[in-house]
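The values are calculated or read from the model by the stated rules, or taken from the named source; none is laboratory data. No experiment lies behind these values; they were computed from the predicted model shown. Don't worry about glycine lacking a Cβ; one is built from the backbone with ideal geometry, like all the others, and counts go over all protein chains shown. Only protein heavy atoms, including side chains, enter the accessible area calculation; ligands, DNA and RNA are left aside. Shrake-Rupley method; radii C 1.70, N 1.55, O 1.52, S 1.80 Å.
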Amino acid sequence: MSGWAEWLLDHGQADAASIAQATRVLEAAALRPGDTVLDLGAGHGLLTLAAHERIGDAWVLAVDPSVGALEELLRAAHEVGANGIMYLVGDAEVLPLPDSSVDVAIARSVLVHVADTGAAVRELARVLRTGGRLSLREPLNRGGTYLATAVDWSPLGALGSRVVELWAEGATADPLMQLDTDALTAQLAEAGFTEVATAVEDPGEEWLVTEESVEARLDATGAPGLPSLRERWREALAPGEVEALVAHLKGLAGTTIQFRRPQLFLAAQLDEGRPG
């Protein structure tokens with residue numbers, strides 16, 4: 001296993017599934033020695049460090065809005081001896097890079113957090129050189145299943161129906177549920193990307209229900225600043241109703257629930273004929 005993968009695994013910042021995703025993104029990017037690579041939403045460096053291994057003495061430009069994440073990436077790079085990484089604070093909709101400055105752009109679970117994916121796609125087209133490559137992996141949350149849709153709530157009658165209704169209302173407004181493969185493909189074509197190849201797959205998720213895992217799942221959030229499911233229930237329902245829902249979930253302890261977790265792998269190339 002490569003040094004970057006070992007470091008991230010040892011420090012709890014990656015798992016086997018995320019490393020496999022990163023490897024697939026990089027293979028689709030067809031990195032070559034000498035490529036200048038943009039890692040959009042670099043985070044703790046899952047893609048950055050892997051890309052660095054593949055491009056020799058060239059540069060990886062790690063862009064992320066979080067200074068803390070970039071500091072953690074710097075620490076990881078130092079520990080595995082990775083030079084040739086530039087750390088830039090910025091986001092997908094306004095990239096801190098000049099026009100036509102990178103050969104390859106890579107991303108993992110980034111566009112799902114972007115409010116205006118069209119603006120992000122245009123920025124990617126701006127900073128890529130003609131013939132530049134794009135490779136990414138994104139979760140397709142709107143096609144997944146969740147506690148409200150994977151659990152049988154019918155024993156709770158009207159309260160169970162209300163759980164599903166609340167989920168549907170929240171999903172409509174949830175920014176993490178908006179990413180759509182067809183819309184993204186159209187935006188890429190409009191920005192000048194060609195040879196767009198997409199693959200939607202569902203590795204699924206098995207959840208072994210325990211009292212502890214119920215508590216953890218109820219308090220989990222999809223992103224900083226978003227409410228947890230428990231918080232949404234408390235806002236919409238009476239305290240006794242929330243207690244009944246939690247008790248129903250904990251009553252399923254020992255069973256396994258299957259969730260759908262569709263994900264998109266996409267690769268594209270910026271039109272060679274585009275003036276640049």
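Quick rundown of the values:
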read-out	value
Qualifying position, being in contact with a strand residue (DSSP E or B) (Cβ under 6 Å, 6 or more places away or on another chain) and modelled with pLDDT under 95, among Ala82, Ala77, Ala107	Ala77
Residue check for Asp15: open to solvent by 10 Å² or more (accessible area, probe 1.4 Å) and out of contact with any strand residue (DSSP E or B) (no Cβ under 8 Å at 6 or more places or on another chain)	yes
Residue match in segment 184-193 (condition: more than 30 Å from Pro98 (Cα to Cα) and open to solvent by 40 Å² or more (accessible area, probe 1.4 Å))	no
Subset of segment 44-58 that is surrounded by 20 or more Cβ atoms within 10 Å (Cβ to Cβ) and not β-branched (Val, Ile, Thr) - its residue that is modelled with the lowest pLDDT	His44
Test: residue in segment 76-99 that is of a type in the set (A, V, I, L, M, F, W, C) and in contact with a Pro (Cβ under 7 Å, 6 or more places away or on another chain)	yes
Residues of segment 88-131 satisfying the condition of being open to solvent by 10 Å² or more (accessible area, probe 1.4 Å) and part of a strand (DSSP E or B)	Leu88, Val89, Asp91, Val94, Asp103, Arg108, Arg129, Thr130, Gly131
Sole exception among (1) within 21 Å of the chain's Cα centre (by Cα); (2) under 19 Å from Trp233 (Cα atoms); (3) aliphatic (A, V, I, L, M); (4) crowded, with 16+ Cβ neighbours inside 10 Å for Val151, by number	(1)
Hey, Val196 closer than 21 Å to Arg137 by Cα, loosely packed, with under 14 Cβ neighbours inside 10 Å and modelled with pLDDT of 95 or more or not	no
Residue match in segment 263-273 (condition: small (Gly, Ala, Ser), modelled with pLDDT of 95 or more and touching a strand residue (DSSP E or B) at 6+ places or on another chain (Cβ under 8 Å))	yes
Given (1) over 13 Å from Glu123 (Cα atoms); (2) open to solvent by less than 20 Å² (accessible area, probe 1.4 Å); (3) under 22 Å from the mean Cα position of the chain (by Cα), number of the condition Ala82 does not satisfy	(3)
Given (1) open to solvent by less than 80 Å² (accessible area, probe 1.4 Å); (2) within 23 Å of Gly43 (Cα to Cα); (3) without any contact (Cβ under 8 Å) to a residue 40 or more places away in the chain; (4) acidic (Asp, Glu), number of the condition Asp174 does not satisfy	(3)
